[in-house]
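Down below is the structure, laid out as structure tokens.
Read-outs: derived from the displayed coordinates by stated rules, not from any lab. These figures come from a predicted structure and were not determined experimentally. In this analysis, Cβ positions are derived from the backbone assuming ideal geometry, glycine residues included, and neighbour counts consider all displayed protein chains.
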Amino acid sequence: MRKFYMFLLVAVLALLTACAADDSQEKEVNPKENATGPVEEKTASYSLENDGVDKAELAEAISQFPAEVPERIISTSVPLTEMLHLLGITPVGVPTSTNPIPADFDAIDRIGSPMQPDLEVVTNLSPDVILGAESLRSTLDKNLEGIDLQTAYLPTDSFEDLKLSFKALGTYFNKTEEMNAVLSSLLDKENDLIEQAKGKELPSVMLMIGTSDSFMVMSERSYLGSLVNRLGADNIATSVMKVSETYSPINMEDLVVADPDIILVLASGDHGASEDMFKKEVESNDTWTKLSAYQNDRIEILDYNVFGVTSIKNAEQALTQIANYFYE
């Protein structure tokens with residue numbers, strides 16, 4: 001019965017994807033004419049039926065999983081482990097990490113680093129599927145080479161990734177009630193922020209992260225960058241600095257030209273540069289004092305526990321806090 005259910009689920013998702021593609025093609029072939037002027041812009045409103053998750057990507061994510069829903073799951077990712085907990089799914093193995101694992105999973109076996117799990121522990125747990133982050137697919141596949149284990153990889157790098165992966169897990173494991181409870185709350189928050197942004201001019205923003213010996217600028221490909229992008233603000237890393245990497249060295253000349261309204265600094269003594277190190281960086285280079293963000297006291301130090309690790313549980317708090325900086 002489970003095999004039949006999974007076959008039916010994938011088939012339905014594929015059909016929805018095809019319909020969406022056909023509808024998109026029809027709009028391209030027959031664009032809506034507007035002889036009297038521009039079409040009135042409408043503000044998006046999110047719901048469980050219109051949650052912003054791409055149907056094709058959702059179907060592709062679910063298709064990785066075995067036809068029969070597994071009972072023994074190993075998670076090698078902290079964000080995915082958190083999702084399993086929110087859905088009421090208990091894995092047999094979770095990663096060893098300095099980042100927080102749900103307290104309810106304290107007694108569960110640790111399988112080692114997300115990038116290089118302990119293969120002896122993994123095989124002894126006899127998992128039906130190993131769940132990992134898409135960003136570590138190549139690394140994990142190499143480490144698991146020669147071991148006959150089913151794997152599934154889900155994206156976890158951005159806010160949009162979290163919604164997609166959470167919906168994929170909730171749909172596949174038939175945890176609809178738990179999934180909808182979390183998604184409904186998150187979508188309500190997005191709708192609330194859309195309302196707050198109406199009629200307001202959003203600031204230009206620079207995002208920084210501290211490493212052990214320097215600070216780097218973050219593009220919209222980072223988790224924090226995806227949150228800023230979701231709120232519609234201008235990330236100067238993309239618009240002015242034209243960076244292509246998630247993290248790039250800071251060019252002070254470009255920074256002065258861009259002169260962002262707000263600078264958000266992600267600093268943590270446990271994971272790189274601390275707030276004190278950033279203050280020393282500012283003191284050592286008076287160029288910082290010429291920036292509008294400095295002069296207007298709009299340099300904000302962010303809590304690493306909220307913004308340093310992708311987390312669907314903390315996403316509402318993260319969006320709310322950034323919105324407060326933008327809308328105050």
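Remark: the stretch 49-104 carries a charge dipole of roughly 260 debye about the Cα centre, counting +1 on each Lys and Arg Cβ and -1 on each Asp and Glu Cβ. Estimated translational diffusion coefficient (Stokes-Einstein, Kirkwood radius over Cα pairs, 25 °C, 0.890 mPa s) of the stretch 119-242: 139 µm² per second. Between the residues 249, 226, 284, the greatest Cα displacement towards the positive end of the dipole of the stretch 175-301, with unit charges on the Cβ of Lys, Arg, Asp and Glu, is found for 226.
Within 11 Å, Cβ to Cβ, of residue 228, how many net charges do the neighbouring residues add up to if Lys/Arg are +1 and Asp/Glu are -1? Result for the neighbourhood of residue 228: -1. Each Lys and Arg contributes +1 and each Asp and Glu -1, all at the Cβ; summed about the Cα centre of the stretch 165-237, the dipole is approximately 120 debye.
Placing unit charges on the Cβ atoms only, positive for Lys and Arg and negative for Asp and Glu, gives the stretch 189-328 a dipole magnitude near 320 debye about its Cα centre.
For the stretch 174-328, the share of DSSP beta bridges that are antiparallel, to the nearest 5, is 35%.
Could you tell me the center-to-center distance, by alpha carbons, between the stretch 93-131 and the stretch 276-296 in angstrom? Each part reduced to its Cα centre gives a spacing of 42 Å. If every alpha-carbon in the stretch 218-297 counts as one equal scatterer, what log10 I(q)/I(0) does Debye give at q = 0.19, 0.27 1/Å? The Cα Debye sum returns log10 ratios of -0.94, -1.46. The largest-to-smallest principal axis extents of the Cα set in the stretch 193-259 are 40, 24, 18 Å.
Sorting 45-56, 75-86 by average packing, meaning the other beta carbons within 10 Å per residue, from highest down gives 75-86, 45-56. Computed from label points 7 Å out along Cα-Cβ, the spacing between residue 297 and residue 134 is 4.2 nm.
The GluC sites (Glu not before Pro) of the stretch 169-231 that DSSP puts in a loop, and whose beta carbon has at most 12 other beta carbons within 10 Å, are 201.
Counting charges near residue 293 (Lys, Arg +1; Asp, Glu -1) among other residues having Cβ under 11 Å from its Cβ returns a value of -2.
Spatially, the stretch 250-264 and the stretch 174-246 are offset by 18 Å when compared through their Cα centroids.
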